[in-house]
Amino acid sequence: METKSRTISKIVIWRVLTLCVTVSVLQVYTNNFFLSSTIGIIDHSICLVLHYFYERFWGKYTWGIIDNDNNNENLEIQTTVV
């Protein structure tokens, strides 16, 4: 499981990038920077909080995660058998 600070850092960086895209698209559509920025900030603030809890929820489960240590041991065993 990753640390909370890593989760938050990843989410904030991703949300800043997607906020820029959202505001740009809304700016083209509305031609009003204040409205575009307001909608973008509200939307991405809500999504940021939801994304944090989503990531922390999935971080508790090992389903679909490959353990590299065990995987390397299996490769060594397979190469010696062949």
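Derivation of every value follows stated rules applied to the coordinates shown; laboratory data play no part. Keep in mind that this is a model prediction, so the values were computed, not measured. When we count neighbours, we look across all protein chains shown, and the Cβ atoms used for this are built from the backbone with ideal geometry, even at glycine.
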Name every residue in the stretch 1-40 that is in a helix (DSSP H, G or I) and of a type in the set (D, E, K, R), in order of residue number.
LYS4, ARG6, LYS10, ARG15
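Just for the stretch 47-71: of the residues that are more than 14 Å from the chain's Cα centre (by Cα) and within 20 Å of ILE8 (Cβ to Cβ), which one is surrounded by the most Cβ atoms within 10 Å (Cβ to Cβ)? Steps first, answer last, please.
Taking the stretch 47-71 first, the residues more than 14 Å from the chain's Cα centre (by Cα) are 60-71.
Retained after the next criterion (residues that are within 20 Å of ILE8 (Cβ to Cβ)): 60-61.
On the way: LYS60: 7, TYR61: 9.
So, considering only residues that are more than 14 Å from the chain's Cα centre (by Cα) and within 20 Å of ILE8 (Cβ to Cβ), the one surrounded by the most Cβ atoms within 10 Å (Cβ to Cβ) is TYR61.
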